[in-house]
Amino acid sequence: MGLHKRERGNKEKKERINVRNLLAYGEIYHISQALSGASKAGIRCEEKVRACDSSPCLWGGTCLDLPRQEYMCKCPEGRHGAKCESETDRSLAKGHLVPDFNGFGCLLLPRVPRAGRSLSLELWFLARSPDGILFYVGQGVSGQNASLAGDFLSIALVDGHLVFRFDLGSGPLTLRYPEKVTLGEWHKATASRHKRQGKLTLDNQKPIRAESPEPLSELNLRTSVFLGGLKDRNIEDATLVNLPGLDGAIQRLLVNREEYLEDFGDSSLGDGNISIYQGPPCHPNPCLNLGQCLPLLGDYKCLCPKEFRGKRCQTVMSAKEQGTPVKFEGRTFLKFPNLVHRSRKTQWENHFVVTLRMEPGARSSLILWLGRGGKRRKDFLALSTAAGRLELGLALSHKSRPIFLKSSHRVDDGEWHTVEVHRLKRLLQLRVDGGQVQGRLAPPGSRVLNSNGKLWIGGSDNLPDNLPPPYYDGFVGCIKSVHVEETELHLVRHSSFDLQLNFCEDGT
């Protein structure tokens with residue numbers, strides 16, 4: 001390479017060629033020296049050039065390198081655009097920003113890790129046209145024969161029907177949902193694959209399933225995620241080549257249960273074909289008193305300033321409500337959506353700190369619950385009282401038996417106690433009042449806690465069957481504070497329910 005041999009009679013002549021740049025597998029390299037017949041080790045690629053090396057992001061934006069020499073700018077608050085060049089409307093910046101597509105643009109997001117065996121997607125979208133690309137990711141095979149060689153996974157609207165396709169290398173699988181979407185309304189699409197098995201559902205209706213052709217069962221993905229359209233048409237899924245981009249908006253994207261749009265307000269808005277959605281449920285803002293509107297498909301949740309509560313932050317909180325411990329009376333069930341205290345569902349690790357006071361002589365009961373919902377017992381993490389002591393329960397699969405960890409000290413003495421709960425994969429730990437850490441390891445198997453992200457405090461009236469009997473009784477006592485990871489939950493303001501609560505007079 002870089003060295004030609006030319007025969008002239010019986011003489012061989014070596015020509016020197018200067019090589020300045022090398023393009024290999026989508027990356028550009030500078031060559032530090034020319035090649036010649038005297039070269040000992042051949043090519044030395046001492047410097048790898050990345051798209052972010054030119055510092056394209058303005059106004060202090062952070063540049064993230066993507067495959068194929070692409071980049072994405074994470075912009076500071078109040079800025080947006082491909083290079084953070086535009087100022088965000090302050091009235092919109094106060095809430096959750098939703099990208100709006102006009103059919104000609106696309107949003108580039110980071111590539112999907114660990115998608116070989118399984119991949120799950122949840123997409124909340126609104127469409128104004130019956131045809132459009134929602135989601136695409138591929139293997140990144142270049143050339144005219146890309147559609148014949150590479151793996152891919154895509155979701156699109158075709159004639160109003162939701163279509164989910166993927167190819168593992170043995171031929172494509174196509175799932176077309178029978179019911180059409182309603183234009184101008186919010187929908188939730190859920191698509192997943194495990195090896196060759198694919199599943200698709202719309203708005204929590206009955207799913208449809210099928211298998212891709214044998215024998216291959218691994219999905220190889222290398223490109224960035226293309227949301228709402230495509231940047232070029234040299235892709236593996238030939239059915240998308242002539243399909244327009246989405247004319248509509250995307251409210252939420254979960255990839256393997258992880259948020260992919262949580263930083264949209266700080267990231268690229270593309271090339272002018274993507275704007276900020278201004279429509280129901282959060283525009284105009286229904287939240288009063290400077291509350292932030294969090295869209296939940298066609299509904300919304302108001303994140304209120306600390307002085308207010310209620311569905312629309314319409315109720316002024318008294319001094320007692322702002323700082324006095326909440327009294328739990330056996331039927332005081334508070335639910336907290338995961339988007340309030342954490343943007344991603346906790347699968348690998350959980351950490352809670354609860355300050356509580358249990359009434360002497362109170363029955364065994366449930367204090368904290370994190371599970372999957374439904375009537376069948378699946379994964380869960382629970383904190384309860386059992387015969388005057390605290391007890392942790394953990395199940396990482398509906399097939400495995402739950403494990404339980406009971407505190408060595410009693411807490412039914414009418415005094416305040418601080419309880420620390422920590423789970424790291426299969427390891428469960430409990431500590432009371434800064435004392436010795438107690439631990440127990442779940443049996444080998446699953447290390448992931450799959451939950452619906454909803455945290456219940458004080459008990460729940462929506463529990464599955466076949467749980468320990470104390471779980472079906474609500475906590476009786478007082479709770480002063482609850483911390484989830486590094487964030488403190490306000491028991492009144494953050495709760496999903498606008499309940500009339502009672503308070504413990506003695507907060508000391």
Has segment 337-348 got at least one residue that is crowded, with 17+ Cβ neighbours inside 10 Å, in contact with a Lys or Arg (Cβ under 9 Å, 6 or more places away or on another chain) and modelled with pLDDT of 80 or more?
no
Which residue, of Glu214, Glu122, is assigned to a loop (DSSP other than H, G, I, E, B) and of a type outside the set (Gly, Ala, Ser)?
Glu214
Does Ser397 satisfy the criteria of being in the same structural domain as Gly459 (by TED's automatic domain parsing) and either charged (D, E, K, R) or assigned to a strand (DSSP E or B) (or both)?
no
Condition check: aliphatic (A, V, I, L, M) and touching a residue at least 60 places away in the same chain (Cβ under 8 Å). Does Leu200 satisfy that?
no
When (1) under 27 Å from Tyr300 (Cα atoms); (2) hydrophobic (A, V, I, L, M, F, W, C); (3) modelled with pLDDT under 90 are applied to Leu148, the one that fails is (1)
Can you spot a residue in segment 195-204 that is within 19 Å of Asp131 (Cα to Cα), surrounded by fewer than 19 Cβ atoms within 10 Å (Cβ to Cβ) and either aromatic (Phe, Trp, Tyr) or in contact with a strand residue (DSSP E or B) (Cβ under 6 Å, 6 or more places away or on another chain) (or both)?
yes
The condition from (1) modelled with pLDDT under 90; (2) closer than 16 Å to Ala362 by Cβ that Arg389 misses is numbered (1)
Residue by residue through segment 225-246, note down the ones that are closer than 20 Å to Asp100 by Cβ and surrounded by fewer than 24 Cβ atoms within 10 Å (Cβ to Cβ).
Val225, Phe226, Leu230, Lys231, Leu243, Pro244
Asp65, sole failed condition from (1) at pLDDT 70 or above; (2) assigned to a loop (DSSP other than H, G, I, E, B)
(2)
Please go through segment 383-429 and give me each residue that is among the charged types (D, E, K, R) and closer than 17 Å to Val354 by Cα, ordered by number.
Arg389, Glu391, Lys406, Arg410, Asp412, Asp413, Glu415, Glu420, Arg423
Which numbered condition Ser91 misses (of (1) modelled with pLDDT under 80; (2) among the hydroxyl-bearing types (Ser, Thr, Tyr); (3) assigned to a strand (DSSP E or B)):
(3)
Counting only residues that are under 13 Å from Pro443 (Cβ atoms) and touching a Phe, Trp or Tyr at 6+ places or on another chain (Cβ under 7 Å), which one in segment 394-432 is surrounded by the fewest Cβ atoms within 10 Å (Cβ to Cβ)?
Lys425
Would segment 193-206 turn up any residue that is more than 17 Å from Phe125 (Cβ to Cβ) and polar (S, T, N, Q)?
yes
Which residue is modelled with the lowest pLDDT, if the candidates are limited to segment 94-138 and must be over 16 Å from the mean Cα position of the chain (by Cα) and among the charged types (D, E, K, R)?
Lys94
For segment 240-250, state whether one or more residues are modelled with pLDDT under 90, in contact with a helix residue (DSSP H, G or I) (Cβ under 9 Å, 6 or more places away or on another chain) and assigned to a strand (DSSP E or B).
no
Residue tally, condition over 22 Å from Gly445 (Cα atoms) and part of a loop (DSSP other than H, G, I, E, B), over segment 373-393
4
State whether one or more residues within segment 275-284 are at pLDDT below 85 and over 30 Å from Gly169 (Cβ atoms).
no
Qualifying residue in segment 467-479 (condition: of a type in the set (D, E, K, R) and without any contact (Cβ under 8 Å) to a residue 40 or more places away in the chain):
no
Would you check if Ala382 is crowded, with 21+ Cβ neighbours inside 10 Å, within 30 Å of Ser120 (Cα to Cα) and touching a helix residue (DSSP H, G or I) at 6+ places or on another chain (Cβ under 7 Å)?
yes
Please work out which residue is nearest to Asn462 (Cα to Cα), limiting yourself to segment 367-424 and to residues that are out of contact with any His (no Cβ under 8 Å at 6 or more places or on another chain) and of a type in the set (Val, Ile, Thr).
Ile367
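The values are calculated or read from the model by the stated rules, or taken from the named source; none is laboratory data. It should be emphasised that the depicted structure is a prediction, and the values quoted were computed from it without experimental measurement. Here Cβ is always computed from backbone atoms with ideal geometry, including for glycine, and neighbour counts include all displayed protein chains.
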